Amino acid sequence: MTTVPTQADIDLEIQQYADLAVPGRVHPDRGYPPYRSSALRHPRQPLVVVADPDAVELSGPVFGATDITDTDADLTVQHTGEPLGERITVSGRVLDRAGRPVRGQLVEIWQANASGRYAHLRDQHPAPLDPNFTGVGRCLTDDRGGYRFTTVKPGPYPWRNHDNAWRPAHIHFSLFGTAFTQRLVTQMYFPGDPLFRYDPILQSVTDGAARERLVAEYRHELSAPEFSLGYHWDIVLDGPAATWTEDGE
């Protein structure tokens, strides 16, 4: 029988790995040991060369400005009633390495509800679903590279990586580029979360400054009186100050 690792086991592995980490290295190893399922998920075979990269776009998802509606960026008005939870506004800018705005960028988000449960058939942990919250939204960046979402703060949730494993509250972000093959995916976290130190996914980014760039900043001036709390999070696509993404670029 395989023994399920405890949080103490994972903490020790995280520390051992951090001690061996190369300073300034942002992207984690694909087989990061404390993140147990990464050993099963990362590619082991040589990459397949696509003879005609443009042909991939013929069968991939496409979008245009006319596909985005006014309510897509407000996850609290997409159903007949209001969702439960702490209403928040998340805004920021998408920038290149020189601080220039990336205009017309499709930004997508998805997240758990306030109880920490996704509207997904495979999420069956005992937390309530919210009939008025699906947890998906999208918008296009404006001329300043700005984006803005209204949603509810997601709750932490168990994920069975080890005994008593909990993911910190986070929102998934997708940046589409100009083609599906340019898509980047990352996660935004909330300041002061006590689960940061216990989470092997976040801790797999061993560079402390890079981890900090994944955490949004609470800004009181972005909070709307009697309506929502405001968080600011910029996404930098490349360069030394780049936001970490799943492919490390």
What are the equivalent ellipsoid semi-axes of the chain, built from the alpha-carbon gyration tensor (square roots of five times its eigenvalues), in whole angstrom, biggest first? 28, 25, 19
Kindly report the accessible area of segment 133-198 per residue (heavy atoms of protein chains, probe 1.4 Å, no ligands, DNA or RNA), in Å². 43 Å²
How are the C-alpha pair distances of segment 62-165 spread across 5 Å bins, as whole percents from the shortest bin up? 2, 12, 19, 19, 15, 13, 10, 6, 2, 0
Checking Ala169, Ala73, Ala119 against a Gaussian network model of the chain (alpha-carbon springs below 10 Å), the top fluctuating residue turns out to be Ala119
What are the ³J(HN,Hα) couplings of segment 116-123, residue after residue, when phi is run through the Karplus curve with 6.51, -1.76, 1.60 and θ = phi - 60°? Round to Hz, x for glycine and proline. x, 10, 8, 7, 9, 4, 7, 8
Specify which residue in the list Thr150, Thr206, His232 is farthest towards the positive end of the charge dipole of the chain, using unit charges on the beta carbon of Lys, Arg (+1) and Asp, Glu (-1), about the Cα centre. Thr206
From the phi of every residue in segment 186-191, what ³J(HN,Hα) in whole Hz does the Karplus formula 6.51 cos²θ - 1.76 cosθ + 1.60 yield, where θ is phi - 60° and glycine or proline is x? 8, 9, 10, 10, 10, x
Solvent-accessible area of Asp207 with every protein chain in place, 1.4 Å probe, in Å² to the nearest 10: 30 Å²
With +1 on the Cβ of every Lys and Arg and -1 on the Cβ of every Asp and Glu, and nothing else charged, how large is the dipole of the chain about its Cα centre, in debye rounded to the nearest 20? 280 debye
Sort 219-231, 36-48, 97-109 by packing, meaning the average of other beta carbons within 10 Å per residue, with the highest value first. 97-109, 219-231, 36-48
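The values are calculated or read from the model by the stated rules, or taken from the named source; none is laboratory data. Because the structure is predicted, anything quoted here is derived from the model rather than measured. Because the Cβ atoms are built from the backbone with ideal geometry, glycine has one as well, and the counts that use them run over all protein chains shown. Heavy atoms of the whole protein, side chains included, go into the accessibility calculation; ligands, DNA and RNA do not. Shrake-Rupley method; radii C 1.70, N 1.55, O 1.52, S 1.80 Å.
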